[in-house]
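Report on the structure given below.
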Amino acid sequence: MGLQTSDFKRQTSTVVLGLGNPLMADEGIGVYLVERLLEVADEYPAVDFIDAGTGGLSILHQLEGRHKAILIDCAFMEEPPGALRRFTPDEVRSMKVLAHQSLHEADVLQILALARRLGQAPEEIVIFGIQPERVEPGPGLSPALAERFDEYLAALRRELTS
Amino acid sequence: MSNRTVNINVHHVTRVEGHGNIVVNATNGKIEKLQWQVPEAPRFFEAMVRGRSYEDIQTIVSRICGICSISHSLVATKAVENATGIQVSEQTDRIRLLLHYSEQLQSHVLHVGYLVAPDLFGVPSVVPLVGIAPGPVKTIIGLHRLANEWSALLAGRITHPVTLRPGGLTKIPTEAQLRELQDRLRKCLPDLKAVADVVLSVAGNLPKFERPTEYVSLKQTQPPTYAFYHGEIASTDAKSTVAVNDWKSVANEYVNDQSTAKWAKWHRDSYAVGALARFNNNAELLSPTAKAVAKMFGLAKGCCNPYFNSVAQIVEAVHVVEVSIALIDTLLTKGLKAETVAVSPKAGKASGAVEAPRGILFHEYEFDRKGNCMSADLCIPTNQNHANIQKDIEKLVPEILDEPEDQIRLKLEMLVRSYDPCVSCSTHMLDVEFVR
């Protein structure tokens with residue numbers, strides 16, 4: 001299918017999804033990390049790196065047909081600002097309350113549950129959650145995250161070669 | 001006369017992602033408080049673009065929203081071009097329109113399938129809906145996927161487009177890709193019809209509520225087109241249209257104590273935008289199958305049941321697919337040409353308007369002679385609907401006050417959902433507790 005192979009390629013077994021909004025400070029950490037990983041994408045021919053932004057349910061279609069998905073997102077985890085935790089969806093419970101008023105609400109864990117229910121989830125799903133220092137309008141990361149950016153990148157690269 | 005005492009407070013306390021709150025207080029049948037509150041935090045996008053180049057605006061504002069990022073990018077590009085006197089080719093205009101249609105399909109099938117259908121089937125969300133209606137859910141997901149791939153082909157990626165720039169596009173599809181897209185669009189029409197049939201089978205669960213309302217949308221007369229992308233501002237309360245640059249005389253935005261989002265009013269104390277507004281202003285211009293689907297639901301011009309906005313979305317989903325098939329024919333007949341566009345900065349101030357899936361969207365920008373943005377003013381559809389949601393609640397609650405409290409609550413939540421609001425779109429973080 002031309003649409004899929006050229007402009008929406010899905011042939012790789014692993015997808016890395018950077019989630020968030022780079023114009024909301026630390027909320028954009030997933031997008032900032034994927035932007036950096038794209039610079040070294042040639043080293044990982046079996047991996048798609050996708051800036052998924054705040055597209056919400058659209059990530060369903062990025063998960064389908066993959067063996068492994070790595071999600072990078074800003075996460076409230078009751079950790080110090082800048083803390084990185086690697087976890088699977090089964091290791092956490094979502095504390096988000098969705099009003100179901102709007103398509104614009106999104107709970108990644110619920111989307112992953114839907115993918116599983118549909119039989120479209122990758123066998124392996126790993127989430128890299130990074131505790132924000134501030135989530136507010138404006139570009140750029142706060143110092144607590146900016147200082148550890150290379151550490152996050154190294155952890156992701158280890159995950160990709162594991 | 002009711003003597004009910006009802007206290008409903010649908011209050012969603014979240015950290016940054018905003019939601020609306022519905023507050024209903026009635027004591028012994030006397031209504032004391034009915035409020036649609038939107039306590040979201042301001043997001044300052046208008047300040048963020050100040051000082052930025054006219055060439056960067058559409059990329060920045062695409063981050064306003066993850067669902068209507070194409071509409072925000074398109075309207076910004078149009079406003080920038082209007083302000084700086086840039087003309088675009090017919091080919092660019094057609095490809096952008098085709099891109100815009102992809103977002104209508106994507107957003108409408110998502111809204112109907114993921115948010116409205118669970119209400120109609122009596123389940124809390126789409127996850128349990130998979131258990132009772134797996135076939136329709138898979139059909140919706142297939143349509144959503146097609147719409148996403150259609151967007152990705154023309155926008156460079158699914159959300160937050162990267163192909164738009166003042167004067168043109170950084171990349172155009174090949175003729176083979178357009179033929180393939182056209183083939184897939186033809187094949188998806190039966191799926192859309194199947195979705196319409198399923199929704200029709202439970203459409204009796206849409207509340208029977210009407211309130212005469214002013215409906216505002218774009219209207220295009222040259223040539224007559226069911227307008228999403230071109231045209232002037234029309235109202236069901238007015239015979240003549242208003243130029244896009246004069247949108248402030250339409251929206252008349254004002255602040256209200258119960259909401260941090262602005263409200264809007266024109267000929268009445270509120271108006272509605274969105275699929276039903278477009279339908280009420282333009283229904284005679286729908287494609288043949290879209291007209292047939294509207295008829296199937298008994299949807300006709302003049303409908304003022306807000307719950308039928310979701311039905312109008314199904315009608316529009318069919319319409320955009322049918323007209324896109326024809327639009328691709330035109331593009332292929334004319335032949336695709338690589339175009340280079342030379343643009344230069346110029347001082348100016350102007351607006352643009354497009355129909356986002358959830359209603360008419362205005363952007364206005366002013367640039368200095370170097371093309372740096374001096375000011376911006378953005379008016380989103382959901383803000384234009386807030387006052388109308390409040391007025392609907394004020395009429396609806398007295399009519400249903402004798403019903404069980406959970407029914408009142410559900411009908412109010414369904415009412416808000418029917419407007420397909422955008423109250424939390426720029427931020428999506430995780431909030432988790434470790435269980436092991």
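If you average over every viewing direction, what projected area does the convex hull of the Cα atoms of the stretch B:175-276 give, in nm²? Walk me through the numbers before you get to the answer.
Numbers: hull surface 43.5 nm².
Projected area, direction-averaged: 10.9 nm².
Could you sort out which of A:96/B:33; B:265/B:295; B:219/B:395; B:187/B:337; B:30/B:411; B:138/B:171 sit more than 22 Å apart by Cα distance in this structure?
Going by Cα-Cα distance, A:96/B:33; B:265/B:295; B:219/B:395; B:187/B:337; B:138/B:171 fall outside the 22 Å limit.
Given B:113, A:12, A:75, which one lies farthest toward the positive end of the charge dipole of the protein assembly as shown, if we put +1 on the Cβ of every Lys and Arg and -1 on the Cβ of every Asp and Glu?
The residue sitting most towards the positive pole is B:113.
Sequence-distant or interchain residues sharing an amide H contact under 5 Å with residue B:371, placed H: which?
Amide H neighbours of residue B:371, under 5 Å, 5+ apart: B:346.
Name all residues of the stretch B:336-350 having a backbone nitrogen under 18 Å from the label point set 7 Å from the Cα of residue B:369 along its Cα→Cβ direction, giving them as ranges.
Backbone N within reach: B:344-349.
With charges only on Cβ, +1 for K and R and -1 for D and E, what is the dipole size of the protein assembly as shown about its Cα centre, in debye, rounded to 20?
Details: 61 positive and 71 negative charges, 226 e Å.
Using only the charged Cβ atoms, the result is roughly 1080 debye.
For residue B:256 and residue B:132 in one chain, what is 0.36 nm times their gap in residues minus the Cα-Cα distance, to one decimal in nm? Write out the running numbers ahead of the final one.
Numbers: separation 124, 0.36 × 124 = 44.64 nm, distance 4.23 nm.
Value of the extension gain: 40.4 nm.
Of the options B:365, B:82, B:72, report the single residue whose Cα projects farthest towards the positive end of the charge dipole of chain B (beta-carbon charges: Lys, Arg +1; Asp, Glu -1).
Value computed over the given set: B:82.
Choose one answer from B:162, B:244, B:202: the residue with the largest mean-square fluctuation in a GNM of chain B with alpha-carbon springs under 10 Å.
B:202
What does the stretch B:80-164 give for Rg and for Dmax, in Å, if only its C-alpha atoms count?
In order Rg, Dmax, the Cα atoms of the stretch B:80-164 give 17.0, 54 Å.
So who's got an amide H within less than 5 Å of the one on residue A:76, skipping anything under 5 residues away but keeping other chains? H placed 1.01 Å off N, in plane.
B:430, B:431, B:432
With each pseudo-label sitting 7 Å past Cα toward Cβ, what's the residue B:210-residue B:52 distance in nm, one decimal?
Distance between the two pseudo-spin positions: 4.6 nm.
Quick one: Karplus J couplings for the stretch A:148-155, per residue in order, coefficients 6.51, -1.76, 1.60, θ = phi - 60°, nearest Hz, x for Gly and Pro?
Values per residue, Gly and Pro as x: 9, 4, 5, 5, 4, 4, 5, 5 Hz.
Of all the Cα-Cα pairs you can form in the stretch A:10-161, what percent are over 27 Å apart?
17
Just want the answer: with Cβ charges of +1 for Lys and Arg and -1 for Asp and Glu, which residue in B:272, B:217, B:348 is farthest toward the dipole's positive end in chain B?
The one lying farthest along the dipole's positive direction is B:348.
I need the semi-axes of the equivalent ellipsoid of the stretch B:240-335: take the C-alpha gyration tensor, multiply each eigenvalue by 5, square-root it, list largest first in whole angstrom. The partial results should precede the final answer.
On the way: eigenvalues 188, 74, 28 Å².
In descending order the semi-axes read 31, 19, 12 Å.
For the protein assembly as shown, what is the convex hull volume of the alpha-carbon atoms per residue, in Å³? Let's see the in-between values first.
Values: hull volume 89.6 nm³, N = 598.
Expressed per residue, the convex hull around the Cα atoms of the protein assembly as shown is 150 Å³.
Restricting to the protein assembly as shown, what percent of DSSP beta bridges are antiparallel, rounded to 5? Before the final figure, lay out the partial values.
Values: 46 of 69 bridges.
The antiparallel proportion sits near 65 percent.
Modelling each spin label as a point 7 Å along the Cα-to-Cβ direction, I'd like the residue B:249/residue A:93 distance in nm, to one decimal.
For the pair residue B:249/residue A:93, the computed spacing is 5.8 nm.
Which order do B:59, B:159 fall in if you start with the one that has the fewest other Cβ atoms within 10 Å?
In increasing order of surrounding Cβ atoms, one gets B:59, B:159.
With each run of n ≥ 4 DSSP H residues scored as -39500 (n - 2.57), what mean residue ellipticity at 222 nm is computed for the protein assembly as shown after dividing by its residue count and rounding to the nearest 500 deg cm²/dmol?
Details: 19 runs with 230 residues, N = 598.
Helix contribution divided over all residues of the protein assembly as shown: -12000 deg cm²/dmol.
One-quarter of the Cα convex hull surface for the stretch B:45-388, in nm²?
Details: hull surface 67.1 nm².
Dividing the Cα hull surface by four gives the mean projection, 16.8 nm².
To test your reading of the geometry: what angle, between 0 and 90 degrees and rounded to tens, separates the Cα axis of helix B:134-155 from the longest principal axis of chain B?
Roughly 30 degrees, rounded to the nearest 10.
Under the Karplus relation 6.51 cos²θ - 1.76 cosθ + 1.60, θ = phi - 60°, what is the ordered set of whole-Hz ³J(HN,Hα) values for the stretch B:176-189, x standing for Gly and Pro?
Once rounded to whole Hz, the list reads 5, 5, 5, 4, 5, 4, 4, 4, 5, 5, 4, 6, 7, 4.
Please report B:230, A:67, B:386 as a ranked list, fewest other C-beta atoms within 10 angstrom at the top and most at the bottom.
Numbers: B:230 19, A:67 12, B:386 24.
If I rank by nearby Cβ atoms, fewest first, I get A:67, B:230, B:386.
Given +1 on the Cβ of Lys and Arg, -1 on the Cβ of Asp and Glu, and no further charges, what dipole in debye does the stretch A:10-161 carry about its Cα centre, rounded to the nearest 20?
Working: 14 positive and 24 negative charges, 91 e Å.
That gives a dipole near 440 debye.
Starting from the Cα-Cα distance between residue B:193 and residue B:125, subtract it from 0.36 nm times their residue separation and give me the gain in nm to one decimal.
Values: separation 68, 0.36 × 68 = 24.48 nm, distance 2.27 nm.
Residue separation times 0.36 nm, minus the Cα-Cα distance, leaves 22.2 nm.
Computed from the coordinates by the stated procedures, all read-outs in this text should not be read as laboratory data. Note that this is a predicted model, so its numbers are computed, not measured. Glycine also receives a Cβ, built like all others from the backbone with ideal geometry; neighbour counts cover every protein chain displayed.
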